Amino acid sequence: MKPAERRRARQFAVQAVYQWQITQAGVTQIVDQFAVDQDMSKADVPYFKELLMGVVKNADALDDKLSPYLSRKIDDVDMVDLAVLRLAMFELTFRTDVPHKVVLNEAIELAKDFATDESYKFVNGVLDKALRSLKLREDIAK
């Protein structure tokens, strides 16, 4: 696994999750479209598929995990921000092999790449609160 390939996979995954949120198209259809429309040769394609499928399959549970840390209802969150947050929460929840700092840094970069100028601050704030709470729960469980 090369970090640059993972980063590229996350970039494609955010775009694909956003597309799914807007169109509700099937995951297979979106994956097939990306294979045709995008140059995925420098991306970790299996990771891209895992992220997309994982977010779509677990969207409600991810939203439930995110909601306590949002300053507004989930339906009022910008769709690009929501795609970034869902992707990050999926990695935090289901990909425990990926360090929390990596997930947070990647989410901030994705927000800078795809969302509004101030979105990265919102994403950082939400994920920072979530990570503190998750870490607190881990410490209590020990």
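The values are calculated or read from the model by the stated rules, or taken from the named source; none is laboratory data. Quantities reported herein were computed from a predicted structural model and do not represent experimental measurements. Don't worry about glycine lacking a Cβ; one is built from the backbone with ideal geometry, like all the others, and counts go over all protein chains shown.
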Within the stretch 7-44, considering residues that are in contact (Cβ under 8 Å) with a residue 60 or more places away in the chain and of a type outside the set (Val, Ile, Thr), the one surrounded by the fewest Cβ atoms within 10 Å (Cβ to Cβ) | 21
Selection count where residues are over 20 Å from residue 16 (Cα atoms) and either in contact with a Phe, Trp or Tyr (Cβ under 7 Å, 6 or more places away or on another chain) or assigned to a helix (DSSP H, G or I) (or both), scope the stretch 106-127 = 6
Top-ranked residue in the stretch 96-124 [being more than 11 Å from the chain's Cα centre (by Cα) and in contact (Cβ under 8 Å) with a residue 24 or more places away in the chain; ranked as surrounded by the fewest Cβ atoms within 10 Å (Cβ to Cβ)] = 116
Scan the stretch 13-28 for residues that are under 16 Å from the mean Cα position of the chain (by Cα) and more than 11 Å from residue 87 (Cα to Cα) and jot them down.
-> 19, 20, 21, 22, 27
Could you please let me know if residue 55 is in contact (Cβ under 8 Å) with a residue 60 or more places away in the chain, touching a Lys or Arg at 6+ places or on another chain (Cβ under 7 Å) and in a helix (DSSP H, G or I)?
-> no
(1) under 30 Å from residue 35 (Cα atoms); (2) within 13 Å of the chain's Cα centre (by Cα): which one isn't true of residue 78, the others all being true?
-> (2)
Filter the stretch 92-115 for residues that are among the polar types (S, T, N, Q) and farther than 17 Å from residue 11 by Cβ; which is modelled with the lowest pLDDT?
-> 96
Tally of residues being in a helix (DSSP H, G or I), of a type outside the set (A, V, I, L, M) and under 20 Å from residue 15 (Cα atoms) across the stretch 58-71 = 2
For the stretch 72-105, enumerate the residues that are under 17 Å from residue 53 (Cβ atoms) and either in contact with a Pro (Cβ under 6 Å, 6 or more places away or on another chain) or outside any helix (DSSP H, G or I) (or both).
-> 95, 98
